[in-house]
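J.: Sending over a structure as structure tokens; questions will come in a sec.
The values are calculated or read from the model by the stated rules, or taken from the named source; none is laboratory data. All figures in this text were calculated on a predicted structure; none of them were measured in a lab. When we count neighbours, we look across all protein chains shown, and the Cβ atoms used for this are built from the backbone with ideal geometry, even at glycine. The area values use the complete protein model at the heavy-atom level, side chains included, leaving out ligands, DNA and RNA. Shrake-Rupley method; radii C 1.70, N 1.55, O 1.52, S 1.80 Å.
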Amino acid sequence: MPSKIVSAAEAVSKIKDRDVVTVSSSSGLGCPDLVLKVLGDRFAQEGHPRDLTTLHPIAAGDMYGIKGVDHLAQDGLLARIIAGSYPSGPSSLPMPAIWEMLTENRVAAYNVPSGILFDMHRDVAARKPGVLTKVGLDTFVDPAREGCAMNERAAADPIVYKQEFAGETWLHFPNIVPNIAIIRATTADERGNLTFEHEGATLGALDQAIAVRNHRGIVIAQVKRVTAAGSLRPHDVHIPGHLVDYVVIDPDQKQTTETTYDPAISGEIMRPWDSFSLPEYGVEKVIARRAAMELKEGDTANLGFGISANVPRVLLEEGYPQSVTWTIEQGAVGGVPLTDFAFGCASNADAILPSPTQFTYFQGGGFDVSFLSFLEVDRDGNVNVSKLGKKPYLTAGCGGFVDITAHARKIVFSGYFAAGAKLEVSESGIRVTAQGKFTKMVETVEHVTFAGQRARRQGQDVIYITERCVMRLEDSGLVAFEIMPGIDPEVDIIAASEGRVSVSKDAKIMPLSLLSEGKMGLKL
């Protein structure tokens, strides 16, 4: 059998003008960065391949050292980019090249929920007529709003439509068929069988490879190392060699951004529970503690980024390392979801599922509660996490947020009540010493990533936790039913929100234990 091991240059030479390329990655996690770099270099030198469409269920690369999709952000190379998320980071860093392209309308750019993009690959593989889903109705995904379009070029070329079927309204995403897959694993044998033993997740690489091979396309796998044919345990092979055409070796590929290799990320060792860092005392820890009070023993909980990511660490400090099963969209089940550059991974996990399987679980609302963050909330309880017009790359887009919230039984949103407020926190309360630049309780959110009124109609249990109060969406709008000690309801909530948040007559004061510098004494 001819060897499948080739140079990155030879592999990308197989990509032709107007190909549709699907890329497996989650920021720095599992990013086939060498292949993407060489593809970008080829275009810079030859002017080909041109007018590619790229599919990214989760972002490829980040702003901290793994360029990912930014290697491809060149005029003429990209015609369309369809992504669940995009590289994001602080305003102190330069805007990524892909964000420059999409904000300047130089490429048709779409933000499609990650789970829907994984569904698309499965339906393409099975030659079904596209994705039919209720995920995204009444949000920016809905063609009644933006229809996933991020700029004018995308709006002029729609990819989602409303469809009446069996007496109900659905969203229909017609098939976009990829003919090139660029994926990553740890080890390949000489026949192209792939194992993922050093990876923090398998992501959607298998589904992406099947979708491409079922349409006679080309699958390129980047790996860390090669072993002899027949030396891999069949149970360890996640992607069999008959689905792989070319193997590119990059011995220097990083496990995640700024992490060369940590066996705890890939589940090869278990960390002692006391080795995990705990949240520092402050406002964010107080908010995370109040969120943790929504849990009970035995719950399965989904976890997002931002303040919510501190909730598992609160449980660790309180002596509940394994009382809740955490699930994250990259595939980990159980253990402790990691933060910072290792976000998307978990240590001490019970299992690491393929992302498409995890999203099937999420979309059907199988978990007990989801902990998510917000950028802004409006009178109707709508939440925006996916668009900031002034600083677009501060958010990655929707990712799995829309899939997770579509049918979740209970959702706990966490965030600051205002941007830039000056706050003093002590064991007796939180005091607002300056109200901030602007309230995050707005009249109308810039982007509807979560539709509050739809959630009410579906009977979903939704609360919004801030450093000042806990709110629910009622007929009259947002109503605070719990007040943080030290907060003046009239000044710090009603006036600070410009009247968009009212205070219940039966509002209670949150327990002082939330503000303790020691353990809070949480009881699940």
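J.: Select, from Ser308, Ser277, the only residue that is touching a strand residue (DSSP E or B) at 6+ places or on another chain (Cβ under 6 Å), at pLDDT below 95 and within 30 Å of Ser426 (Cβ to Cβ). Write out each step before concluding.
T.: Details: Ser277 fails: touching a strand residue (DSSP E or B) at 6+ places or on another chain (Cβ under 6 Å).
So the residue among Ser308, Ser277 that is touching a strand residue (DSSP E or B) at 6+ places or on another chain (Cβ under 6 Å), at pLDDT below 95 and within 30 Å of Ser426 (Cβ to Cβ) is Ser308.
J.: A further question follows. Kindly evaluate Val131 against the criterion of being touching an Asp or Glu at 6+ places or on another chain (Cβ under 7 Å) and surrounded by 24 or more Cβ atoms within 10 Å (Cβ to Cβ). Talk me through it step by step, then tell me what you get.
T.: Numbers: touching an Asp or Glu at 6+ places or on another chain (Cβ under 7 Å): yes; surrounded by 24 or more Cβ atoms within 10 Å (Cβ to Cβ): yes.
Yes: the conditions hold for Val131.
J.: Being more than 22 Å from the chain's Cα centre (by Cα), within 21 Å of Gly230 (Cα to Cα) and aliphatic (A, V, I, L, M) is the filter here; which residues of segment 164-211 pass it?
T.: Once the filter is applied, which keeps residues that are more than 22 Å from the chain's Cα centre (by Cα), within 21 Å of Gly230 (Cα to Cα) and aliphatic (A, V, I, L, M), segment 164-211 yields Ala188, Leu194.
J.: I'd like the full set of residues that are surrounded by fewer than 24 Cβ atoms within 10 Å (Cβ to Cβ) and over 17 Å from the mean Cα position of the chain (by Cα), limited to segment 348-364.
T.: The answer is Asn348, Asp350, Ala351, Gly364.
J.: Right, next: I'd like to verify a number: residues in segment 235-244 that are over 11 Å from Asp189 (Cβ atoms) and open to solvent by 40 Å² or more (accessible area, probe 1.4 Å), how many?
T.: 3
J.: When you go through (1) of a type in the set (Val, Ile, Thr); (2) out of contact with any Phe, Trp or Tyr (no Cβ under 6 Å at 6 or more places or on another chain); (3) farther than 28 Å from Ser91 by Cα one by one for Thr339, which number turns out not to apply?
T.: The single condition Thr339 does not satisfy is (3).
J.: Assuming Gly521 fulfils every condition listed in (1) touching a residue at least 24 places away in the same chain (Cβ under 8 Å); (2) part of a helix (DSSP H, G or I) apart from one, which condition is it?
T.: (2)
J.: For segment 72-95, which positions are in a loop (DSSP other than H, G, I, E, B) and open to solvent by less than 20 Å² (accessible area, probe 1.4 Å)? Steps first, please.
T.: Here is the first cut: in segment 72-95, the residues in a loop (DSSP other than H, G, I, E, B) are 73-74, 76-77, 84-95.
Once the filter is applied, which keeps residues that are in a loop (DSSP other than H, G, I, E, B) and open to solvent by less than 20 Å² (accessible area, probe 1.4 Å), segment 72-95 yields Ala73, Gly76, Leu77, Gly84, Ser85, Tyr86, Pro87, Gly89.
J.: Quick one: Gln208 ticks every box in (1) open to solvent by 40 Å² or more (accessible area, probe 1.4 Å); (2) touching a helix residue (DSSP H, G or I) at 6+ places or on another chain (Cβ under 6 Å); (3) closer than 26 Å to Gly344 by Cβ bar one, so which box is it?
T.: Among (1) open to solvent by 40 Å² or more (accessible area, probe 1.4 Å); (2) touching a helix residue (DSSP H, G or I) at 6+ places or on another chain (Cβ under 6 Å); (3) closer than 26 Å to Gly344 by Cβ, Gln208 violates only (1).
J.: OK, next. Out of Gln435, Gln458, which single residue is open to solvent by 50 Å² or more (accessible area, probe 1.4 Å), closer than 22 Å to Leu388 by Cα and in contact (Cβ under 8 Å) with a residue 40 or more places away in the chain?
T.: Details: Gln458 fails: closer than 22 Å to Leu388 by Cα.
After applying the criteria, what remains is Gln435.
J.: If you check Gly420, Gly429, Gly459, which single one turns out to be out of contact with any Cys (no Cβ under 9 Å at 6 or more places or on another chain) and within 21 Å of Val402 (Cβ to Cβ)? Outline the logic, then answer.
T.: Details: Gly420 fails: within 21 Å of Val402 (Cβ to Cβ); Gly429 fails: within 21 Å of Val402 (Cβ to Cβ).
So the residue among Gly420, Gly429, Gly459 that is out of contact with any Cys (no Cβ under 9 Å at 6 or more places or on another chain) and within 21 Å of Val402 (Cβ to Cβ) is Gly459.
J.: Which of the residues belonging to segment 504-516 are open to solvent by 60 Å² or more (accessible area, probe 1.4 Å) and not in a helix (DSSP H, G or I)?
T.: Step one: of segment 504-516, the residues open to solvent by 60 Å² or more (accessible area, probe 1.4 Å) are 505-506, 508-509, 512.
Passing the criteria: Lys505, Asp506, Lys508, Ile509.
J.: Given the criteria at negative phi, free of Cβ contacts under 8 Å to residues at least 60 places away in the same chain and either in contact with a helix residue (DSSP H, G or I) (Cβ under 7 Å, 6 or more places away or on another chain) or open to solvent by 10 Å² or more (accessible area, probe 1.4 Å) (or both), does Ala181 qualify? Spell out the reasoning first.
T.: Details: at negative phi: yes; free of Cβ contacts under 8 Å to residues at least 60 places away in the same chain: no; either in contact with a helix residue (DSSP H, G or I) (Cβ under 7 Å, 6 or more places away or on another chain) or open to solvent by 10 Å² or more (accessible area, probe 1.4 Å) (or both): yes.
No: the conditions fail for Ala181.
J.: Out of segment 385-415, which residues are assigned to a strand (DSSP E or B) and crowded, with 23+ Cβ neighbours inside 10 Å? Walk me through how you get there before you give the answer.
T.: Residues of segment 385-415 that are assigned to a strand (DSSP E or B), as a first pass: 410-414.
Of everything in segment 385-415, those that are assigned to a strand (DSSP E or B) and crowded, with 23+ Cβ neighbours inside 10 Å turn out to be Val412, Phe413, Ser414.
J.: Restricting attention to segment 9-35, which residues are open to solvent by 10 Å² or more (accessible area, probe 1.4 Å) and either out of contact with any strand residue (DSSP E or B) (no Cβ under 6 Å at 6 or more places or on another chain) or not in a loop (DSSP other than H, G, I, E, B) (or both)?
T.: In the first step, residues of segment 9-35 are kept if they are open to solvent by 10 Å² or more (accessible area, probe 1.4 Å); the result is 9-10, 13-14, 16-20, 27, 33-34.
Of everything in segment 9-35, those that are open to solvent by 10 Å² or more (accessible area, probe 1.4 Å) and either out of contact with any strand residue (DSSP E or B) (no Cβ under 6 Å at 6 or more places or on another chain) or not in a loop (DSSP other than H, G, I, E, B) (or both) turn out to be Ala9, Glu10, Ser13, Lys16, Asp17, Arg18, Val20, Ser27, Asp33, Leu34.
J.: State which residue pairs qualify: first residue over 17 Å from Leu372 (Cα atoms) and of a type in the set (Phe, Trp, Tyr) and inside segment 324-352, second residue assigned to a strand (DSSP E or B) and open to solvent by 10 Å² or more (accessible area, probe 1.4 Å) in any location, beta carbons under 8 Å apart, and separation of 6 or more residues or different chains.
T.: Phe341/Thr259
J.: Here's something else I'd like to know. Hey, any hits in segment 300-310 for a residue that's more than 14 Å from the chain's Cα centre (by Cα) and under 24 Å from Met484 (Cα atoms)?
T.: Taking segment 300-310 as the starting set, the residues that turn out to be more than 14 Å from the chain's Cα centre (by Cα) are 300-301, 307, 310.
Going one step further and asking which of them are under 24 Å from Met484 (Cα atoms), we end up with 307, 310.
Yes, segment 300-310 contains at least one residue that is more than 14 Å from the chain's Cα centre (by Cα) and under 24 Å from Met484 (Cα atoms).
J.: Where residues in segment 485-503 are within 22 Å of Thr444 (Cα to Cα) and either aromatic (Phe, Trp, Tyr) or in a loop (DSSP other than H, G, I, E, B) (or both), which of them is least open to solvent (accessible area, probe 1.4 Å)?
T.: Ranking the candidates gives Ser497 first.
J.: Which of the following residues is touching a helix residue (DSSP H, G or I) at 6+ places or on another chain (Cβ under 6 Å), at pLDDT 95 or above and closer than 19 Å to Ser373 by Cβ: Leu478, Leu473, Leu423?
T.: That would be Leu423, the only listed residue that is touching a helix residue (DSSP H, G or I) at 6+ places or on another chain (Cβ under 6 Å), at pLDDT 95 or above and closer than 19 Å to Ser373 by Cβ.
J.: Here's another thing I want to ask about it. Out of Ala332, Ala288, report the one residue that is surrounded by 17 or more Cβ atoms within 10 Å (Cβ to Cβ), within 30 Å of Val432 (Cβ to Cβ), hydrophobic (A, V, I, L, M, F, W, C) and touching a Phe, Trp or Tyr at 6+ places or on another chain (Cβ under 9 Å).
T.: Working: Ala332 fails: within 30 Å of Val432 (Cβ to Cβ).
The conditions single out Ala288.
J.: Could you tell me which numbered condition Lys224 fails, if it satisfies all but one of (1) free of Cβ contacts under 8 Å to residues at least 60 places away in the same chain; (2) among the charged types (D, E, K, R); (3) crowded, with 20+ Cβ neighbours inside 10 Å; (4) more than 22 Å from Ser3 (Cβ to Cβ)?
T.: Lys224 satisfies every listed condition except (4).
J.: List the residue pairs whose Cβ atoms are under 8 Å apart, where the first residue sits in segment 480-497 and is at positive phi, the second is surrounded by 16 or more Cβ atoms within 10 Å (Cβ to Cβ), and the two are 6 or more positions apart or on different chains.
T.: From segment 480-497, the pairs are Gly486/Gly429; Gly486/Ile430; Gly486/Arg431.
J.: Now, a different point. Of these, Val38, Val69, which one is closer than 26 Å to Tyr261 by Cβ and open to solvent by less than 10 Å² (accessible area, probe 1.4 Å)? Even if it seems obvious, please write down each step before you answer.
T.: Numbers: Val38 fails: open to solvent by less than 10 Å² (accessible area, probe 1.4 Å).
Among Val38, Val69, only Val69 is closer than 26 Å to Tyr261 by Cβ and open to solvent by less than 10 Å² (accessible area, probe 1.4 Å).
J.: Show the residue pairs meeting these rules: Cβ distance below 6 Å; 6+ apart or different chains; first residue within segment 1-29 and under 15 Å from His48 (Cβ atoms); second residue of a type outside the set (A, V, I, L, M, F, W, C) and open to solvent by less than 10 Å² (accessible area, probe 1.4 Å).
T.: Qualifying pairs under 6 Å: Ile15/Pro49; Lys16/Pro49; Asp17/Pro49; Val21/Thr54.
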